[in-house]
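A.B. asks: Structure below; questions to follow.
The values are calculated or read from the model by the stated rules, or taken from the named source; none is laboratory data. Predicted model only: the values in this text are computed from it and were never measured. Here the Cβ is made from the backbone with ideal geometry for all residues, glycine too, and neighbour counts use every protein chain on show. Calculation scope for accessible area: heavy atoms of the full protein, side chains included, ligands and nucleic acids excluded. Shrake-Rupley method; radii C 1.70, N 1.55, O 1.52, S 1.80 Å.
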Amino acid sequence: MVVHSAAERVLAGLDPEQRSAVTAPAGPVCILAGAGTGKTRAVTSRIAHRALTGDISARHVLAVTFTARAAAEMRARLGALGVGGVQARTFHAAALRQVRYFAPRLLEGRAMPELLDSKVRVVTLAAAKVGLRADRAAARDLAGEIEWAKSSLVEPGEYVVAAAKALRETPYEPAKVADVFAAYERLKRGNGVIDFEDMLRAAVWGIEEHADVAEQVRGQYRHLVVDEYQDVNPLQQRLLDAWLGGRDDLTVVGDASQTIYSFTGATSSYLVDFPRRHRGATVVRLVRDYRSTPQVVGLANAVISQARGAEARLRLELHGQRPPGPEPDLRIFTDEPAEANAVAARCRSLIDGGTPAREIAVLFRTNAQSEAYEKALTEAAVPYVVQGAERFFERPEVRQAMIALRAATRSIPGETPLPAAVVEGLAAVGWAPDAPPPGGAARERWEALAALVQLAEEYAATPEVVPIGEAVAIERPVTLGDFNEELARRAAQQHVPTVEGVTLASLHSAKGLEWDAVFLVGLAEGTLPTTYAKTPEQVEEERRLLYVGITRAREWLWLSYAAARSPGGRARRPSRFLPQLDRSGGGERAGAGAARRTERRRTQVVSCRICGATLLAGADRKLGRCPTCPSDLDEELYARLHEWRQRVAGAQKVPAYVVFTDATLTALAERKPGRTEELIAIAGIGPRKLGLYGDTVLALVAGAGVDDVCPQKSFEI
């Protein structure tokens with residue numbers, strides 16, 4: 001009785017879909033869990049409910065996930081539900097534990113090889129063995145290719161064909177990468193070390209080739225649970241199959257719309273094909289979003305509703321469960337510095353308004369984008385922390401570049417234009433202003449140094465004013481020495497340690513996290529989707545990245561892009577993934593409106609008269625400002641306009657809004673038009689209303705009283 005009451009308590013508070021997942025019968029179960037739908041609660045409640053009802057023993061459960069943090073959260077939740085003894089670990093931790101346990105038996109008394117913390121050093125040596133000089137970035141990219149190959153069960157001799165089939169963008173010619181791969185494997189064996197993929201393979205080998213090991217492992221782990229199943233790679237699936245040994249007591253949890261790590265070998269195909277591979281599987285869809293407001297959820301649905309490909313077959317339409325919140329903001333800025341400064345100012349405003357800095361995040365596509373936001377936040381006195389990457393000026397390639405630029409002041413003529421001098425100085429660290437190299441780390445290094453060139457271009461656009469006498473001054477072009485001092489100043493400012501602050505993170509490193517307020521920045525074609533997304537599958541993964549970013553926000557969401565990288569630069573288009581956000585639809589939520597394919601009309605560009613952002617929403621365009629920018633409403637003028645409208649509406653026997661809406665009155669009292677041209681620039685005042693009321697409204701704005709423009713007696717019946 002006590003046990004069953006505890007099991008009933010586990011079910012308390014679950015929604016119908018979560019309850020279905022928890023009480024599903026033994027056997028293959030696939031839980032398709034959208035962002036914010038309580039997947040961890042559902043899966044831990046399923047384990048706890050089965051244990052408390054006596055269906056399973058907790059010590060026979062192995063739950064695997066992808067991060068130590070997620071595994072720790074699972075153990076904590078199970079403990080809170082009164083269930084101990086479940087092994088909740090990452091794939092690597094579970095494999096390491098088993099390999100160490102069985103090593104004496106499998107290795108016949110020999111010591112277990114040392115586990116490499118990082119491949120980079122051995123890869124660098126392997127590259128040298130085959131005649132390649134790989135710097136740290138190139139070695140990281142080669143290591144990434146080797147990890148992809150080993151995770152995909154590809155051997156060195158198979159790499160060239162496999163890479164071609166997978167359309168890999170390799171850091172060197174595929175045959176050279178294969179040579180490095182083979183040399184890396186030889187060096188490892190010669191030094192008696194193994195890497196993480198070897199460890200997973202050893203766990204598989206131990207089970208597949210040793211019946212006694214298989215019997216013991218499968219006797220211990222009879223019920224398998226896999227979290228984030230869309231991120232499993234072929235090697236991990238091979239290990240999972242070895243653990244199962246043909247049994248079917250398997251629960252998997254995943255969301256195909258959050259598949260964003262395919263470049264590492266992860267594939268959602270196992271999640272997509274789960275019902276086919278496991279006949280009679282129970283499939284449960286969790287669609288009630290408890291994380292985000294309906295406005296954020298609506299936008300997320302609008303973005304992912306356009307998805308195509310295999311993952312789109314399991315697309316979930318989320319239903320927001322939280323009270324309504326503010327509409328998502330879409331902002332367009334003239335250039336990236338303006339965008340960064342506006343983001344910093346809004347962060348400052350949110351913090352001043354009571355939002356903790358730790359509950360704010362600025363998310364971008366690549367780590368090289370962080371520098372502009374580090375600078376802007378520093379200048380706005382907003383503390384920040386960089387998630388999953390080093391601060392811009394702490395990156396090794398940036399430190400090396402600054403040293404090279406200081407040395408270049410001795411060899412580059414002082415009259416050389418600053419951008420050209422910086423490009424010439426960066427040649428010493430191997431940077432050239434041509435197409436970026438293939439490979440993630442090498443490309444990121446190139447982009448970080450390209451950001452320095454962009455900084456030089458912006459800095460050169462503001463010549464120094466030098467006084468030469470009373471009331472006389474000249475403009476002096478900035479030099480490389482000036483620029484080096486500016487870089488040193490920025491580096492010093494951004495090295496101030498912070499305990500808590502606004503999170504700066506790439507979209508990839510933000511997965512699994514959430515904040516009250518999220519800024520998604522740099523949403524321009526060429527950045528998201530990146531220019532390197534060539535195939536339809538790669539473009540769709542970029543779309544899912546934006547979806548992941550949107551669903552990180554609990555309440556307040558900002559989306560922005562800059563029309564140019566730098567002042568006066570080449571124009572860019574907004575990301576193709578952005579739906580049209582228009583809040584002018586009679587109170588309709590932005591996301592819901594975006595989900596409908598409305599006709600796009602050509603409209604005049606209207607900028608916020610306070611912050612300069614381009615205004616897209618009808619109500620914002622009417623006011624001439626962003627909804628979050630401070631109002632400069634003339635309350636006395638508004639009162640006179642309101643009284644005048646009441647008199648006119650009464651005389652015409654029509655509702656007041658037929659004359660002018662409240663929003664139009666507010667716009668008039670804020671913008672205070674003095675000429676006909678300024679009056680008709682306000683949305684809602686067309687030729688007809690201009691003819692009826694134009695002169696009267698201009699007179700009221702100029703200071704006329706209501707009795708002056710429409711005496712009370714004229715409205716007597």
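A.B. asks: Pull out all pairs, ordered by first then second residue, where Cβ-Cβ is under 7 Å, the residues are six or more apart or on different chains, the first lies in region 408-423 and is closer than 20 Å to A451 by Cα, and the second is modelled with pLDDT of 85 or more and of a type in the set (A, V, I, L, M, F, W, C).
C.D. replies: Matching pairs, first to second residue: A408/A421; A421/I412; V422/L405.
A.B. asks: Kindly indicate whether any position in region 381-397 is small (G, A, S), open to solvent by less than 40 Å² (accessible area, probe 1.4 Å), closer than 27 Å to L546 by Cβ and in a helix (DSSP H, G or I).
C.D. replies: There is no residue in region 381-397 that is small (G, A, S), open to solvent by less than 40 Å² (accessible area, probe 1.4 Å), closer than 27 Å to L546 by Cβ and in a helix (DSSP H, G or I).
A.B. asks: Which numbered condition in (1) hydrophobic (A, V, I, L, M, F, W, C); (2) under 26 Å from I146 (Cβ atoms); (3) surrounded by fewer than 22 Cβ atoms within 10 Å (Cβ to Cβ) is the only one that L244 fails?
C.D. replies: Status for L244: all satisfied but (2).
A.B. asks: Against the conditions (1) modelled with pLDDT under 85; (2) among the hydrophobic types (A, V, I, L, M, F, W, C); (3) open to solvent by 70 Å² or more (accessible area, probe 1.4 Å), where does L633 fall short? Just the number, please.
C.D. replies: So L633 meets the others, but not (3).
A.B. asks: Residue check: is T44 of a type in the set (S, T, N, Q), in contact with a Leu (Cβ under 8 Å, 6 or more places away or on another chain) and part of a loop (DSSP other than H, G, I, E, B)?
C.D. replies: No: the conditions fail for T44.
A.B. asks: Same structure again: Conditions: (1) farther than 18 Å from G206 by Cβ; (2) surrounded by fewer than 16 Cβ atoms within 10 Å (Cβ to Cβ); (3) touching a strand residue (DSSP E or B) at 6+ places or on another chain (Cβ under 8 Å). A71 meets all but one. Number of the miss?
C.D. replies: Status for A71: all satisfied but (2).
A.B. asks: Another question about this same structure. Which members of region 176-191 meet the condition of being small (G, A, S) and open to solvent by less than 40 Å² (accessible area, probe 1.4 Å)?
C.D. replies: A178, A182, A183
A.B. asks: Restricting to region 507-539, count the residues that are closer than 27 Å to K165 by Cα and crowded, with 24+ Cβ neighbours inside 10 Å.
C.D. replies: Summing the residues that are closer than 27 Å to K165 by Cα and crowded, with 24+ Cβ neighbours inside 10 Å in region 507-539 gives 1.
A.B. asks: Let me ask you something else. Counting only residues that are open to solvent by 70 Å² or more (accessible area, probe 1.4 Å) and in a helix (DSSP H, G or I), how many does region 165-175 have? Break it down stepwise before answering.
C.D. replies: Here is the first cut: in region 165-175, the ones open to solvent by 70 Å² or more (accessible area, probe 1.4 Å) are 165, 167, 169, 173.
So of that shortlist, the ones also in a helix (DSSP H, G or I) come out as 165.
Residues flagged as open to solvent by 70 Å² or more (accessible area, probe 1.4 Å) and in a helix (DSSP H, G or I) within region 165-175 amount to 1.
A.B. asks: Would you please list the contacts, defined by Cβ atoms under 7 Å and residues six or more apart or on different chains, that run from a residue in region 273-294 that is over 14 Å from G254 (Cα atoms) to a residue that is open to solvent by 60 Å² or more (accessible area, probe 1.4 Å) and in a strand (DSSP E or B)?
C.D. replies: The qualifying pairs are R288/H319; D289/H319; T293/E555.
A.B. asks: Follow-up question, since we're still on this one. I'd like the full set of residues that are closer than 19 Å to V518 by Cβ, out of contact with any Phe, Trp or Tyr (no Cβ under 6 Å at 6 or more places or on another chain) and part of a loop (DSSP other than H, G, I, E, B), limited to region 294-325.
C.D. replies: Matches in region 294-325: L318, R322, P323, P324, G325.
A.B. asks: Would you pick out the residues in region 554-571 that are buried (at least 16 other Cβ atoms within 10 Å of the Cβ) and either of a type in the set (D, E) or assigned to a loop (DSSP other than H, G, I, E, B) (or both)? Walk me through it before giving the result.
C.D. replies: Just the residues of region 554-571 that are buried (at least 16 other Cβ atoms within 10 Å of the Cβ), to begin with: 554-566, 569.
E555, A563, A564, R565, S566, G569 - these are the residues of region 554-571 that are buried (at least 16 other Cβ atoms within 10 Å of the Cβ) and either of a type in the set (D, E) or assigned to a loop (DSSP other than H, G, I, E, B) (or both).
A.B. asks: If only one of R322, R346, R331, R358 is touching a Ser or Thr at 6+ places or on another chain (Cβ under 7 Å), at negative phi and surrounded by fewer than 18 Cβ atoms within 10 Å (Cβ to Cβ), which one is it?
C.D. replies: On the way: R346 fails: surrounded by fewer than 18 Cβ atoms within 10 Å (Cβ to Cβ); R331 fails: surrounded by fewer than 18 Cβ atoms within 10 Å (Cβ to Cβ); R358 fails: touching a Ser or Thr at 6+ places or on another chain (Cβ under 7 Å).
Every option except R322 fails the conditions.
A.B. asks: Under 9 Å between Cβ atoms, at least 6 apart or on separate chains: pull out the pairs that start in region 77-105 with a residue that is at positive phi and end on any residue that is surrounded by fewer than 15 Cβ atoms within 10 Å (Cβ to Cβ) and part of a helix (DSSP H, G or I).
C.D. replies: Between residues of region 77-105 that are at positive phi and residues that are surrounded by fewer than 15 Cβ atoms within 10 Å (Cβ to Cβ) and part of a helix (DSSP H, G or I), the close pairs are G82/R9; G85/R59.
A.B. asks: Let me ask you something else. Restricting to region 100-142, give me the number of residues that are in contact with a strand residue (DSSP E or B) (Cβ under 8 Å, 6 or more places away or on another chain) and open to solvent by 60 Å² or more (accessible area, probe 1.4 Å).
C.D. replies: Within region 100-142, the subset in contact with a strand residue (DSSP E or B) (Cβ under 8 Å, 6 or more places away or on another chain) is 113-116, 122.
Imposing the further condition that a residue be open to solvent by 60 Å² or more (accessible area, probe 1.4 Å) reduces the set to 114.
Residues flagged as in contact with a strand residue (DSSP E or B) (Cβ under 8 Å, 6 or more places away or on another chain) and open to solvent by 60 Å² or more (accessible area, probe 1.4 Å) within region 100-142 amount to 1.
A.B. asks: Further question on the same structure: Considering only region 335-368, how many residues are polar (S, T, N, Q) and modelled with pLDDT of 90 or more?
C.D. replies: Here is the first cut: in region 335-368, the ones polar (S, T, N, Q) are 341, 349, 355, 366-367.
Filter once more, keeping what is modelled with pLDDT of 90 or more: 341, 349, 355.
Of the residues in that region, 3 qualify.
A.B. asks: Which of the residues spanning region 106-153 are of a type in the set (D, E, K, R), outside any loop (DSSP other than H, G, I, E, B) and at pLDDT 85 or above?
C.D. replies: So the first thing to find is which residues in region 106-153 are of a type in the set (D, E, K, R), and the list is 108, 110, 114, 117, 119, 121, 129, 133, 135-136, 140-141, 145, 147, 150.
Subset that is outside any loop (DSSP other than H, G, I, E, B): 114, 121, 129, 136, 140-141, 145, 147, 150.
Residues satisfying the conditions are E114, R121, K129, R140, D141, E145, E147, K150.
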